[in-house]
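**Student:** Right, I'll just put the structure down here and ask away after.
The values are calculated or read from the model by the stated rules, or taken from the named source; none is laboratory data. Values in this document were obtained by computation on a predicted structure and should not be read as measured data. Don't worry about glycine lacking a Cβ; one is built from the backbone with ideal geometry, like all the others, and counts go over all protein chains shown. The area values use the complete protein model at the heavy-atom level, side chains included, leaving out ligands, DNA and RNA. Shrake-Rupley method; radii C 1.70, N 1.55, O 1.52, S 1.80 Å.
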Amino acid sequence: MSVFPKILFKREVEDYLCNVYHNKELVASLGLDEVERKFDRLQRCLSHPPSFTTVRVNTLVTSVEAAKQQLSDEIKKQFLGDVIPIHQHPRLNDLLLIPVTGPRRAQKQHSVQVIVGAQCGNAVLRGAHVYAAGILSASKWMKTGDEVSVFSDIEGKCRRGAVEFDGAKVFLGNGIAELSRSDIFCTNSPIKGKGIRMTEPVYSSPSFDNMLPGYIFLQNLPSAVVSHVLSPQPGERVLDMCAAPEGKTTHIASLMNDEGEVIAVDKIANKVEKIKHNASLLQLKCIQAYCFNSTKAVLREPKGLEPGLGPPFCPESFDRILLDAPCSGMGLRPSMACPLSLKELASYQPLQRKLLSTAVELLKPGGTLVYSTCTITLAENEEQVAWALKTFPGLQLEVQEPHIGGEGMPGAGLSSDRLKLLQRFDPSVTEILDVDANKLKSDEDLVAVANSDTIGFFIAKFLKKS
Ligand code: SAM
């Protein structure tokens, strides 16, 4: 039995997704009963965290073994001596798997209650403590040192500073208040820092806040697969079209041994500043970051710009391109409620097509394009592949290495051979909600759960024929 209710969608979005999962091709392939079970499992999985937290090691500055040891020491300190086993992924040699403990059931709830925003609540379920900025409401007499119960306001209805809240909320666990109610709300300037130290979260995972900065990165397993699939080589010129917050940019640079050019573009200026800052912190010299709208990144009339300077770029000037597209993000876990409307959901497909068209123009003949999203719809995934193959006859799908997720989902008219070349991480594939990853016995079971109980994610790899 799952501990949390299914993810809450707006009615129109739930109906839309239900139709996506009941499309004729999928029903013909799996049968109606299995499709219904799958859709039900999907909604339950999305509100729960994956069974493993995954961190990628920056192999340019340390070895995986050394990082594993340091991480183990740090976690032991955090858990007051308790040892949490850390596993190295057998196929992703720079990825470490840390089992999530839980769910902790039937906990006593305290009379002092704290309500946090949905985003803060999702972070708590992945091991974070509660920061003051995420607290919406606290009981009237809450003082420092009180034992408190923490709940997530899943519908976003709690008023900031409220004393009580009767709306839809989900219990996230117990903790100790490090600030009083008046510290949090009776102040003119927003208060920073930890508000509640979580001591008994429903799901427990180490907090990676400021842990081994520069040495390890929190990265979901499918995201860590993407840069390997792109397979960038030292000396190449690689474009990361939608780069922030740059989890994949630094991975690409490290797979290239910091030799060549990695050009990271994002349209949000402060995110680009962070990319620059992190690249210099990590001493990655091959990364150049630019703030630019990537839909306009093709230089229409060359005006004597030196290659290697910022966007717009000459057509056919990149060996490899990653388009980790802006998307509806409906594969992200845990997520108790999805705030998107149908109109917002529909806005991503045209933007992704503009970005895909730009990518095809910028890619050298013989070059590689990887398209990825962290969402689960056909419209942003398989339909985009079908559209790209039809619109750009020079593109062909390529085998992905590693291929750890499942194949593409039927429903967009792609042949079964083409679906096999796509990689879809579909959290609804197995009944995993009750697995405590710490209790998995064999390495095979452990890796099988880590590979399937992930966020929802999609990867397509194209070759532009010469
Ligand atoms: N690749 C990133 C990583 O691994 O950390 C995540 C990318 S996130 C899915 C999408 C990014 O696309 C956002 O940072 C957003 O600011 C950026 N974006 C959206 N529209 C864009 C555009 N037209 N041009 C450039 N960047 C864009």
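**Student:** It is to be established whether one or more residues within the range 245-258 are outside any strand (DSSP E or B), open to solvent by 60 Å² or more (accessible area, probe 1.4 Å), on the phi > 0 side of the Ramachandran plot and more than 12 Å from the ligand (Cβ to nearest atom).
**Tutor:** yes
**Student:** Which residue out of Asn122, Asn174 is of a type in the set (S, T, N, Q), open to solvent by less than 20 Å² (accessible area, probe 1.4 Å) and not assigned by TED's automatic domain parsing to the domain that holds Leu446?
**Tutor:** Asn174
**Student:** Hey, can you tell me all the residues within the range 86-106 that are open to solvent by 40 Å² or more (accessible area, probe 1.4 Å) and of a type in the set (A, V, I, L, M)?
**Tutor:** Correct list: Ala106 only.
**Student:** Given the conditions (1) open to solvent by 30 Å² or more (accessible area, probe 1.4 Å); (2) under 29 Å from Lys10 (Cβ atoms); (3) within 13 Å of the ligand (Cβ to nearest atom), and given that Gln352 satisfies all but one, which numbered condition is not satisfied?
**Tutor:** Exception for Gln352: condition (1).
**Student:** How many of the residues in the range 3-24 are open to solvent by less than 30 Å² (accessible area, probe 1.4 Å), touching a residue at least 40 places away in the same chain (Cβ under 8 Å) and of a type outside the set (A, V, I, L, M)?
**Tutor:** Going through the range 3-24 one residue at a time, the tally reaches 3.
**Student:** Right, something else. Provide a single number: the residues in the range 258-295 that are of a type outside the set (S, T, N, Q) and in contact (Cβ under 8 Å) with a residue 60 or more places away in the chain.
**Tutor:** Matching residues across the range 258-295 total 4.
**Student:** While we're on this one: Residues that are among the β-branched types (Val, Ile, Thr): list the strands (runs of 3 or more DSSP E) wholly contained in the range 151-239 that include at least 2 such residues.
**Tutor:** Those strands (runs of 3 or more DSSP E) span 169-177, 194-201.
**Student:** Within the range 270-296, how many residues are open to solvent by 20 Å² or more (accessible area, probe 1.4 Å), assigned to a helix (DSSP H, G or I) and more than 9 Å from the ligand (Cβ to nearest atom)?
**Tutor:** Selection size over the range 270-296: 8.
**Student:** OK, next. Of all residues in the range 177-200, which are open to solvent by less than 60 Å² (accessible area, probe 1.4 Å) and in contact with a Phe, Trp or Tyr (Cβ under 8 Å, 6 or more places away or on another chain)?
**Tutor:** If the condition is that a residue be open to solvent by less than 60 Å² (accessible area, probe 1.4 Å) and in contact with a Phe, Trp or Tyr (Cβ under 8 Å, 6 or more places away or on another chain), then Arg181, Gly193, Gly195 are the ones that fit.
**Student:** Still on this structure, please answer the following. Quick one: count up the residues across the range 410-433 that are touching a strand residue (DSSP E or B) at 6+ places or on another chain (Cβ under 6 Å), assigned to a loop (DSSP other than H, G, I, E, B) and either within 25 Å of Ser47 (Cα to Cα) or open to solvent by 10 Å² or more (accessible area, probe 1.4 Å) (or both).
**Tutor:** Of the residues in that region, 1 qualify.
**Student:** Let me ask something else. Can you confirm whether Gly156 is exposed (fewer than 15 other Cβ atoms within 10 Å of the Cβ) and within 29 Å of the chain's Cα centre (by Cα)?
**Tutor:** It is true that Gly156 is exposed (fewer than 15 other Cβ atoms within 10 Å of the Cβ) and within 29 Å of the chain's Cα centre (by Cα).
**Student:** Only one of (1) open to solvent by less than 30 Å² (accessible area, probe 1.4 Å); (2) at pLDDT 95 or above; (3) away from the ligand (no atom under 14 Å from the Cβ) fails for Gly366. Which number is that?
**Tutor:** (1)
**Student:** Quick one: which of Arg300, Arg353, Arg320 is assigned to a strand (DSSP E or B) and of a type in the set (D, E, K, R)?
**Tutor:** Step by step, each of Arg300, Arg353, Arg320 is checked, and only Arg320 is assigned to a strand (DSSP E or B) and of a type in the set (D, E, K, R).
**Student:** Taking the options Asn210, Asn220, name whichever one is within 16 Å of the ligand (Cβ to nearest atom) and open to solvent by 20 Å² or more (accessible area, probe 1.4 Å).
**Tutor:** Step by step, each of Asn210, Asn220 is checked, and only Asn220 is within 16 Å of the ligand (Cβ to nearest atom) and open to solvent by 20 Å² or more (accessible area, probe 1.4 Å).
**Student:** What number goes with the only condition from (1) open to solvent by less than 80 Å² (accessible area, probe 1.4 Å); (2) more than 30 Å from Val163 (Cβ to Cβ); (3) of a type in the set (A, V, I, L, M, F, W, C) that Val83 does not pass?
**Tutor:** Only one criterion in (1) open to solvent by less than 80 Å² (accessible area, probe 1.4 Å); (2) more than 30 Å from Val163 (Cβ to Cβ); (3) of a type in the set (A, V, I, L, M, F, W, C) is unmet by Val83, namely (1).
**Student:** While we're on this one: Would you confirm whether or not the range 315-330 contains a residue that is open to solvent by 30 Å² or more (accessible area, probe 1.4 Å) and within 12 Å of the ligand (Cβ to nearest atom)?
**Tutor:** The answer is yes; a qualifying residue exists.
**Student:** When you check Gln233 against the structure, is it open to solvent by 60 Å² or more (accessible area, probe 1.4 Å) and either of a type in the set (S, T, N, Q) or within 16 Å of the ligand (Cβ to nearest atom) (or both), yes or no?
**Tutor:** yes
**Student:** I'm checking my understanding of the structure. Among residues of the range 331-349 that are within 12 Å of the ligand (Cβ to nearest atom) and surrounded by fewer than 23 Cβ atoms within 10 Å (Cβ to Cβ), which one is farthest from Gly405 (Cα to Cα)?
**Tutor:** For the range 331-349, the residue satisfying everything is Ser347.
**Student:** Follow-up. Please go through the range 379-394 and give me each residue that is open to solvent by 10 Å² or more (accessible area, probe 1.4 Å) and in contact (Cβ under 8 Å) with a residue 12 or more places away in the chain, ordered by number.
**Tutor:** Residues satisfying the conditions are Ala379, Glu383, Ala386, Trp387, Leu389, Thr391, Phe392, Gly394.
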